[in-house]
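**Q** Okay, here's the structure, questions in a sec.
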Amino acid sequence: MNVQNPVCPVSGYDPYDLSAPHGDWKSFREEAPVFYHAETDYWIVSRYDDIKAVYDDWETFSSENAQSPVTPLDTAAKAIIKAGGFTSGLSARTPPTHTRIRKVAQTAFSPRRFKAIEPQIESIVKRHLDKLEGKEKVDFFREVAYPVPALVLFTLMGIPDEDVGKVKDWATSRALLTWGNLKGDDQVPHAQGMVDYWSYCCMLVSARKAEPSDDFPSDMVRAQAEGADITDEEIAGVMYSVLFAGHETTTTLMANSLKVLMDNRSAWDALCADPSKIRNATEEILRYAPSIVSWRRLAKKATQIGGVDIPEGANILVIMGAGNRDEVVFPNGEDFDIERGNARTHLSFGYGIHFCIGLQLAKLEFGITLRELTQRFPNLQLADEYPINYIPNISFRVPDKLIIRPHGAT
């Protein structure tokens, strides 16, 4: 089939540069909402309805490439991963396997368990916000946004605090190797990090089978013992996915939200004055500044997206960060508005069968953090003399720091 490839409307577009992508995304929506990007060999999709249609048709647009390295692995990195016995996480699986595993995972990842650890979440948040007291300047990313979601998730997972640092490091390796642009020898240490991460998940499953506890992996092991159709390796795969997605994305959400709110001071002041606005503000922050801005799919047959011919075997990159600002769905979508009526229809948690399993936990801990921040530090400001850089990759808009003045200008 001969496909006339619509071309990128932005000269020099670099999908790995997420420092200020919104202008490019707006051009995509307006000029070429579906186009072929030769440099990455991906078809880029930027309009809300098209993204939703791709997510909704899992048979045509498979998730099997969702965790494949964007930049092909060299021989040395491939050998390390093969020797480590790594398989895949939940988000890369397809039905019926995905359906079977997710059913068990959802039973364990329940609102009941989230509610049970809410007092611990509040304690973790307050303990880390205490570190801001009396400080003239502090890196909010490192002191609060980085550790809090990990400690919350690891409480849920039954992982000891002393392992937080190494699991965070392994998660960084996974992000850089899977969604980054590493080449050659730069891939090797991160390939080893991914293998170590996988081994840790497998070890955790074995430990819970030997000695169950009151945590998520124990719930899955218990379900398996009671007849649930899931293997040890599949439980490890769920752990591998959740241990990454469940804290890295919330870390980024916390940091990005504070940047957005400081850039929109009237919204911050409104939340300080009325905490009841936090619930809808959370949805608007997720729409306007999502942690994951794009995700991948594979076309299993020749098809169309938005009237554009897509060949069989094509790699698809759906940019949720662009779709979330589509003015057909969100009037004045480039504006930040915590009163927006349909903010919760954003695509930041995906859509369809792979809709994020941990969204309620993310919203719970983010809401607690934002409530405590606005009440304790209403005069908080950014230290603008410290420019923010974003880690180069194709999917996660992660700042390298966020220097704040907790008590405002002195």
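**Q** Once label points are set 7 Å from the Cα along Cα→Cβ at both Asn332 and Ser276, what is their separation, rounded to one decimal in nm?
**A** 2.3 nm
**Q** Along the Cα→Cβ direction, 7 angstrom out, place labels at Lys301 and Asp384. What is the inter-label distance in nm?
**A** 5.6 nm
**Q** Over the chain, what per residue volume does the convex hull of the Cα atoms give, in whole Å³?
**A** Per residue, the Cα convex hull of the chain comes to 142 Å³.
**Q** Right, something else. May I ask which residue of Thr172, Thr97, Ala299 lies farthest towards the positive end of the charge dipole of the chain, with charges of +1 (Lys, Arg) and -1 (Asp, Glu) on Cβ and the Cα centre as origin?
**A** Thr97
**Q** So, one more: Using Cα pairs under 8 angstrom and six or more residues apart, how large is the relative contact order of the chain, in percent?
**A** Averaging sequence separation for qualifying contacts and normalising by length gives 27 percent for the chain.
**Q** Keeping to pairs on different chains or 8 or more places apart, tell me how many lysine pairs in segment 257-410 have Cα atoms under 28 Å apart.
**A** Final tally of qualifying lysine pairs is 6.
**Q** Starting from the Cα of Lys78, draw a straight line to each of the lysines and keep only those under 19 Å, dropping any in the same chain fewer than 8 residues away.
**A** Lys183
**Q** Less than 17 Å apart at the alpha-carbon level, and either on another chain or at least 8 residues along: which aspartates and glutamates does that give for Lys115?
**A** Leaving aside aspartates and glutamates fewer than 8 places away in the same chain, those within reach of Lys115 are Asp214, Asp215, Asp219, Glu365.
**Q** In a shell of Cβ-Cβ distance under 9 Å around Ala322, excluding Ala322 itself, what net charge do Lys and Arg (+1) and Asp and Glu (-1) give?
**A** Result for the neighbourhood of Ala322: +2.
**Q** Report the extension gain between Ser213 and Lys103 in nm, rounded to one decimal, defined as 0.36 nm multiplied by the number of residues separating them, less their alpha carbon distance.
**A** Going from the current span to full extension adds 37.5 nm.
**Q** Please calculate how many Å² of accessible area segment 139-266 carries per residue, with a 1.4 Å probe and no DNA, RNA or ligand atoms counted. Numbers along the way, then the final one.
**A** On the way: 4420 Å² over 128 residues.
Value for segment 139-266: 35 Å² per residue.
**Q** In addition: Just check segment 137-209 against the gyration tensor rule for me: Cα atoms, a ≥ b ≥ c as the square roots of the eigenvalues, rounded for a/c under 1.5, and otherwise prolate or oblate depending on whether a/b exceeds b/c.
**A** In terms of gyration-tensor shape, oblate.
**Q** How much length would be gained if the chain were fully extended between Lys137 and Asn315, taking 0.36 nm per residue of separation minus their Cα-Cα distance, in nm to one decimal?
**A** Values: separation 178, 0.36 × 178 = 64.08 nm, distance 4.41 nm.
The span from Lys137 to Asn315 would gain 59.7 nm if fully extended.
**Q** Out of the total accessible area of segment 1-55 (probe 1.4 Å, heavy atoms of protein only), what percent is carbon and sulfur?
**A** The C+S portion of the solvent-accessible surface of segment 1-55 is 42 percent.
**Q** When the helix-only estimate is applied to the chain (DSSP H runs of n ≥ 4, each -39,500 (n - 2.57), divided by the residue count), what is the mean residue ellipticity at 222 nm, nearest 500 deg cm²/dmol?
**A** After summing the helix terms and dividing by the residues of the chain, the value is -15000 deg cm²/dmol.
**Q** Ranked highest first by the average count of other Cβ atoms within 10 Å around their residues, in what order do 35-45, 127-137 fall?
**A** Top to bottom by mean Cβ count within 10 Å: 35-45, 127-137.
**Q** On the protein heavy atoms, probe 1.4 angstrom, tell me the percent of accessible surface of segment 279-410 carried by carbon and sulfur. List each step's numbers first, then the result.
**A** Details: 2500 of 5080 Å².
Exposed carbon and sulfur together represent 49 percent of the surface.
**Q** Given 0.36 nm per residue, what is the gain on full extension from Thr75 to Thr231 after removing their alpha carbon distance, in nm? Walk me through the numbers on the way to the answer.
**A** Numbers: separation 156, 0.36 × 156 = 56.16 nm, distance 3.00 nm.
That pair, Thr75 and Thr231, stretches by 53.2 nm at full extension.
**Q** For segment 221-339, what's the relative contact order in percent, using C-alpha pairs closer than 8 Å and at least 6 residues apart?
**A** 22 percent
**Q** Another one. Translational diffusion coefficient, Stokes-Einstein: compute it for segment 152-308 using the Kirkwood radius over C-alpha pairs as Rh, at 25 °C and 0.890 mPa s, and state it as an integer in µm² s⁻¹.
**A** The calculation lands on 131 µm²/s.
**Q** In square angstrom, rounded to the nearest 10, how much accessible surface does Phe355 have for a 1.4 Å probe?
**A** 70 Å²
The values are calculated or read from the model by the stated rules, or taken from the named source; none is laboratory data. As the structure is a prediction and not an experimental result, all values here were calculated from the model. All Cβ positions, glycine included, derive from the backbone under ideal geometry; neighbour counts span all protein chains shown. What goes into the accessible areas is simple: the full protein's heavy atoms, side chains included, and nothing from ligands, DNA or RNA. Shrake-Rupley method; radii C 1.70, N 1.55, O 1.52, S 1.80 Å.
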